[in-house]
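Trainee: I am attaching a structure below and will ask some questions about it afterwards.
The values are calculated or read from the model by the stated rules, or taken from the named source; none is laboratory data. Values in this document were obtained by computation on a predicted structure and should not be read as measured data. Here the Cβ positions follow ideal geometry from the backbone for every residue, glycine too, while neighbour counts run over all protein chains shown.
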């Protein structure tokens, strides 16, 4: 059985995924998780969870293609470049008119 | 520190060194990766305990831990025969581990009561690491309990475990010790005479 191990580095911090251990049962998972992730003072707490007990969700369908809900892929770079160019030409236009005066 | 205490410490140190060596023979080939890491770590701890014990005795005898560990001849070692066995069967290895930890817990309790604060302190320190070993041994015991192969291994090895707690029973070494000694001291014996480390 595979067990997922989460560890907390310092009190008050969130537990983060550390890795996994293969173990015959909960007892073995407890001992192996301590050995791999806990006994050198690197963790203040561990969560050891059978992988089967984890509810995994990875089917985020987007059937109506509502990608406007997402912020990725928005071509900011091009817009920025254009804005900079406009700013530069406005500045030089100012300089020119100032020279004339 | 009187001679009696020194020889007790030396017996335990020899047990820990030789068992650590034997256990480390599973490094890389234990039943699964997690066990490989756990058992190798136990082997390393045992050798660390041996070193600490040798250091105490070495100071009393005006020598060094390395000299005690490696410069005696095989028949001068005081280890119990059970730790010398080269066990190629995992069930037997776990049976010995379980029996050893059982006995080790008893003798560490005795040492913790020592009048010598240094001895008692070291025993307490060692015991804190041994707690992990006992959890590990117990976990395997619970899992393998009822398996015929494990039961047979326990029956076979249990009589030999008695020597771990009784100096009188530490007599003859097994025929396996000289080979192990050759292997264990090879690097040290290969240094040119007169070199100092």
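Trainee: Residue by residue through segment B:7-46, note down the ones that are crowded, with 17+ Cβ neighbours inside 10 Å and over 16 Å from the mean Cα position of the chain (by Cα).
Mentor: B:30, B:34, B:35, B:38
Trainee: For the structure I just gave you, tell me whether residue B:161 is buried (at least 16 other Cβ atoms within 10 Å of the Cβ), more than 14 Å from chain A (Cβ to nearest Cβ) and at pLDDT 95 or above.
Mentor: yes
Trainee: Name the residues in segment B:47-56 that are crowded, with 18+ Cβ neighbours inside 10 Å and in contact (Cβ under 8 Å) with a residue 40 or more places away in the chain, would you?
Mentor: Across segment B:47-56, the qualifying residues are B:49, B:53, B:54, B:56.
Trainee: If a residue must be crowded, with 17+ Cβ neighbours inside 10 Å and either within 14 Å of another protein chain (Cβ to nearest Cβ) or closer than 20 Å to residue A:27 by Cα (or both), how many such residues does segment B:141-158 contain?
Mentor: Here the count works out to 3.
Trainee: For segment B:114-154, give me each residue that is touching a helix residue (DSSP H, G or I) at 6+ places or on another chain (Cβ under 7 Å), closer than 18 Å to residue B:43 by Cβ and free of Cβ contacts under 8 Å to residues at least 12 places away in the same chain.
Mentor: Hits for segment B:114-154 are B:135, B:139.
Trainee: Given the conditions (1) more than 14 Å from chain A (Cβ to nearest Cβ); (2) in a helix (DSSP H, G or I), and given that residue B:1 satisfies all but one, which numbered condition is not satisfied?
Mentor: The failed condition is (2).
Trainee: Moving on. Quick check on residue A:85: is it surrounded by 10 or more Cβ atoms within 10 Å (Cβ to Cβ) and either at pLDDT 80 or above or assigned to a helix (DSSP H, G or I) (or both)?
Mentor: yes
Trainee: Let me ask another. Of the conditions (1) modelled with pLDDT of 85 or more; (2) within 14 Å of another protein chain (Cβ to nearest Cβ), residue A:44 satisfies every one except a single condition; which number is it?
Mentor: (2)
Trainee: Does residue A:14 satisfy being more than 13 Å from chain B (Cβ to nearest Cβ) and modelled with pLDDT of 95 or more?
Mentor: yes
Trainee: Right, next: Could you list, in sequence order, the residues of segment A:31-53 that are surrounded by fewer than 18 Cβ atoms within 10 Å (Cβ to Cβ) and out of contact with any strand residue (DSSP E or B) (no Cβ under 6 Å at 6 or more places or on another chain)?
Mentor: Within segment A:31-53, A:39, A:40, A:41, A:42, A:52, A:53 meet the criteria.
Trainee: Can I ask one more? Determine which single condition residue B:129 fails, assuming it passes every other condition in (1) within 14 Å of another protein chain (Cβ to nearest Cβ); (2) at pLDDT 95 or above.
Mentor: (2)
Here's the yes/no breakdown for (1) in a loop (DSSP other than H, G, I, E, B); (2) surrounded by 15 or more Cβ atoms within 10 Å (Cβ to Cβ):
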{"position": "B:59", "(1), (2)": "no, no"}
{"position": "B:78", "(1), (2)": "yes, yes"}
{"position": "B:82", "(1), (2)": "no, yes"}
{"position": "B:88", "(1), (2)": "yes, no"}
{"position": "B:94", "(1), (2)": "no, yes"}
{"position": "B:119", "(1), (2)": "no, yes"}
{"position": "B:126", "(1), (2)": "no, yes"}
{"position": "B:139", "(1), (2)": "no, yes"}
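Trainee: Are there any pairs, at least 6 apart or on different chains, whose C-beta atoms fall under 8 Å, with the first in segment B:23-35 and within 14 Å of chain A (Cβ to nearest Cβ) and the second at pLDDT below 95, and if so, which?
Mentor: Cβ pairs passing all conditions: B:34/A:35; B:34/A:36.
Trainee: Residue check: is residue B:76 more than 14 Å from chain A (Cβ to nearest Cβ) and closer than 20 Å to residue B:170 by Cα?
Mentor: So residue B:76 fits the description; yes.
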